[in-house]
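A.B. asks: One structure follows; several queries about it will come next.
The values are calculated or read from the model by the stated rules, or taken from the named source; none is laboratory data. Keep in mind the model is a prediction, meaning the values are calculated, not measured. Note that each Cβ is placed from the backbone with ideal geometry, even for glycine, and that neighbours are counted across all protein chains shown. Areas reflect the complete protein model, heavy atoms only, side chains present, ligands, DNA and RNA absent. Shrake-Rupley method; radii C 1.70, N 1.55, O 1.52, S 1.80 Å.
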Amino acid sequence: MSGPSGRRGVMMKKIIILMMGLACCFSRCYAADDEAVYGAVKPDDYVTGRFDPSKQEMFVSLADTGIPTNKWRHLLRREAAEALKKMYDAFRKENPKAPFWVQSSTRNFYDQKGIWDGKWNGTITVMNVSLNKTIRDPLKRALEILKYSSMPGTSRHHWGTDFDLNVLNNSYYETGEGKQLYQWLLKNAGRYGFCQPYTSGRNAGYNEEKWHWSYVPLSKVFIVKWNDLYRKNPGAFSKKGLFCGSEAAGKLAPAYVNAIQKDCD
Ligand SMILES: [Zn+2]
């Protein structure tokens, strides 16, 4: 029994046990990584905003960080909030009186659905127009909303990495205090991990948004997971009844999610 074939058998068994051990270790490592990034939320649910950020320990309230906000309830991922506080402190030191506040932060699927459906139904106007009265064609109406608003399940605001500053109007950033802030961000935000996803000069996706900034170390992980999910199940984004006009508009989702400035990848 101790001949060459017996020894080969023992060796094979050892190799199999070693490989099983390695596979087990890898799966544990990946699971631990997922837990650090997504907490208790399923990754697919996380990247489409199907969770309540106020119930997740990995989210913090900006009111507790000393970052000025327009209302008490603003949540971001802890990593993004810590980096934003460092960036805010640096800005404040150089610009003691210039306005800087967070106007908008994490919104989940259901928050985004409220915005999208409101714009679709005309209860929220777009440039003072009720789109339900002016655009009948569903695809055309979706394209109008998509100039500045995302479909539910496709917004970077779902991820806890993205926020809007001060005023949601590009002209604010072209003079005075707004320009002072924007020019400072262009020069310094990258040092703190932030980028502006929706710049001018891109040839697809949302219009320019000088107020919207993103924490890249995390958002670059979430965009990969979002694209994986879309590839696996594109139909899930254009299911009937998902949101108003989802059947017509859902297929546009990847073009909008991915049309970002290259520093944000
Ligand atoms: Zn935004």
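Yes/no matrix, rows are residues, columns are (1) part of a strand (DSSP E or B); (2) open to solvent by 70 Å² or more (accessible area, probe 1.4 Å); (3) on the phi < 0 side of the Ramachandran plot:
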| position | (1), (2), (3) |
| --- | --- |
| GLU35 | no, yes, yes |
| GLY49 | no, no, no |
| ILE67 | no, no, yes |
| GLU79 | no, no, yes |
| GLU82 | no, yes, yes |
| MET87 | no, no, yes |
| PRO96 | no, yes, yes |
| GLN103 | yes, no, yes |
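A.B. asks: Here is a further query. Please work out if ALA142 is more than 16 Å from the ligand (Cβ to nearest atom), out of contact with any Cys (no Cβ under 8 Å at 6 or more places or on another chain) and in a loop (DSSP other than H, G, I, E, B).
C.D. replies: no
A.B. asks: Hey, can you tell me all the residues within the range 52-65 that are open to solvent by less than 20 Å² (accessible area, probe 1.4 Å), under 28 Å from PRO254 (Cβ atoms) and either in a loop (DSSP other than H, G, I, E, B) or in contact with a Phe, Trp or Tyr (Cβ under 9 Å, 6 or more places away or on another chain) (or both)?
C.D. replies: PRO53 - this is the single residue of the range 52-65 that is open to solvent by less than 20 Å² (accessible area, probe 1.4 Å), under 28 Å from PRO254 (Cβ atoms) and either in a loop (DSSP other than H, G, I, E, B) or in contact with a Phe, Trp or Tyr (Cβ under 9 Å, 6 or more places away or on another chain) (or both).
A.B. asks: If you check THR199, THR161, THR154, THR175, which single one turns out to be in contact with a Lys or Arg (Cβ under 7 Å, 6 or more places away or on another chain) and of a type in the set (Val, Ile, Thr)?
C.D. replies: THR161
A.B. asks: Looking for something in contact with a strand residue (DSSP E or B) (Cβ under 9 Å, 6 or more places away or on another chain), part of a loop (DSSP other than H, G, I, E, B), farther than 16 Å from ASP164 by Cα and not aliphatic (A, V, I, L, M) - is there at least one such residue anywhere in the range 109-122?
C.D. replies: yes
A.B. asks: Okay, moving on. Tell me, please, whether a residue that is of a type in the set (D, E, K, R), part of a helix (DSSP H, G or I) and either within 13 Å of the ligand (Cβ to nearest atom) or in contact (Cβ under 8 Å) with a residue 40 or more places away in the chain (or both) can be found in the range 130-138.
C.D. replies: no
A.B. asks: Residues to consider are LYS97, LYS119; find the one that is touching a residue at least 12 places away in the same chain (Cβ under 8 Å) and of a type in the set (Lys, Arg).
C.D. replies: Numbers: LYS97 fails: touching a residue at least 12 places away in the same chain (Cβ under 8 Å).
Selected residue: LYS119, the only one of LYS97, LYS119 that is touching a residue at least 12 places away in the same chain (Cβ under 8 Å) and of a type in the set (Lys, Arg).
A.B. asks: Here is a follow-up. Show me the helices (runs of 4 or more DSSP H) found entirely inside the range 155-265 where at least 3 residues are farther than 20 Å from VAL41 by Cβ, in contact (Cβ under 8 Å) with a residue 24 or more places away in the chain and within 16 Å of the ligand (Cβ to nearest atom).
C.D. replies: Hits in the range 155-265: 176-188.
A.B. asks: Which residues, taken from the range 223-238, are open to solvent by less than 30 Å² (accessible area, probe 1.4 Å) and in contact with a helix residue (DSSP H, G or I) (Cβ under 6 Å, 6 or more places away or on another chain)?
C.D. replies: Hits for the range 223-238 are TRP226, LEU229, PHE237.
A.B. asks: Then there's this: TYR148 fails exactly one of the following numbered conditions: (1) within 16 Å of the ligand (Cβ to nearest atom); (2) touching an Asp or Glu at 6+ places or on another chain (Cβ under 9 Å); (3) open to solvent by less than 70 Å² (accessible area, probe 1.4 Å). What is the number of that condition?
C.D. replies: Result: TYR148 fails condition (3) only.
Residue by residue, here is whether (1) open to solvent by 40 Å² or more (accessible area, probe 1.4 Å); (2) charged (D, E, K, R) holds:
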| residue | (1), (2) |
| --- | --- |
| TYR206 | no, no |
| SER214 | no, no |
| PRO217 | yes, no |
| VAL221 | yes, no |
| LYS240 | yes, yes |
| ALA248 | no, no |
| PRO254 | no, no |
